[in-house]
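Below is one structure, written out as structure tokens; comments come after it.
Values in this text are rule-based calculations from the coordinates and carry no lab data. Just so it is clear, the structure is predicted and the values come from calculations on it, not from any experiment. Ideal geometry is used to build each Cβ from the backbone, glycine not excepted, and the neighbour counts take in all protein chains shown.
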């Protein structure tokens with residue numbers, strides 16, 4: 001295995017702001033410096049942390065998937081992707097990033113279920129139509145889709161993201177040199193957005209569920225700011241509605257909708273030839289000031 005894959009950790013220092021509220025002078029604040037460390041996945045340590053972040057990534061639709069099996073699969077390819085931690089290797093991850101070969105693992109039930117789900121969701125938005133052929137391309141086709149899964153705890157600084165993407169590029173290049181199955185034709189980024197909605201109007205859309213809908217004109221925000229940059233390099237990108245959106249099981253979901261905010265899944269399909277340029281653009285966009 002090449003030396004460039006033998007990464008135990010990489011450290012960077014970013015300042016996270018924590019306001020020290022003072023009624024006499026609201027400009028007073030304390031700076032809290034936090035050291036973030038990057039590690040390879042470790043099956044003995046990272047299962048519960050990665051599983052928790054996967055649930056957060058899939059939002060209310062997490063119940064559709066075997067999250068434990070997905071976490072095990074991510075940990076099994078420990079040199080592809082990384083975790084970010086604060087208090088050393090033995091602690092839970094605050095963030096992670098990886099890429100899974102959907103064809104290589106197509107016979108695994110967890111991946112088969114996820115691929116069908118994503119293809120189905122892409123079919124509900126015309127903007128995502130180009131996503132469907134690579135996802136459904138069987139063993140006789142030419143597409144090799146790398147599913148990029150990335151999530152982090154809320155309020156983590158965005159600056160942690162570019163090093164993770166850069167290391168992923170290096171790790172995949174090394175894996176290809178080692179004849180491992182990571183020579184992708186496309187990268188499919190699974191993420192989330194949230195948009196403004198009118199709560200009353202949202203109630204009337206339930207009868208249209210499952211049909212193709214035009215995205216509304218309401219303001220859209222990305223949970224991951226880097227997605228806005230990645231989308232500019234994409235073959236296709238767009239949102240989809242969660243299957244469990246209106247099942248009433250999530251208190252936080254109802255609270256969001258009562259405030260006129262709706263979260264949705266989001267897909268970004270990028271050709272492999274444009275992936276490195278997309279990551280370089282992310283690095284420039286999120287460069288620490």
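In table form, for the structure just shown:
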item	result
Two-site FRET efficiency, residue 177 against residue 154, from Cβ-Cβ distance with R₀ of 45 Å, rounded to 0.05	0.75
Taking N as its residue count, the alpha carbon Rg of the stretch 48-206 over 2.2 N^0.38 Å	1.11
DSSP bridge orientation in the stretch 64-201 - percent antiparallel, rounded to nearest 5	65
Calculated FRET efficiency for the pair residue 72/residue 166, C-beta based, R₀ 22 Å, to 0.05	0.25
Extension gain, residue 222 back to residue 89 (0.36 nm per residue minus Cα-Cα distance, nm)	45.0 nm
Length released on extending from residue 276 to residue 64, taking residue separation times 0.36 nm less the Cα-Cα span	73.1 nm
Tensor-based shape of the stretch 48-117 (alpha-carbon gyration tensor, a/c under 1.5 rounded, otherwise prolate or oblate)	oblate
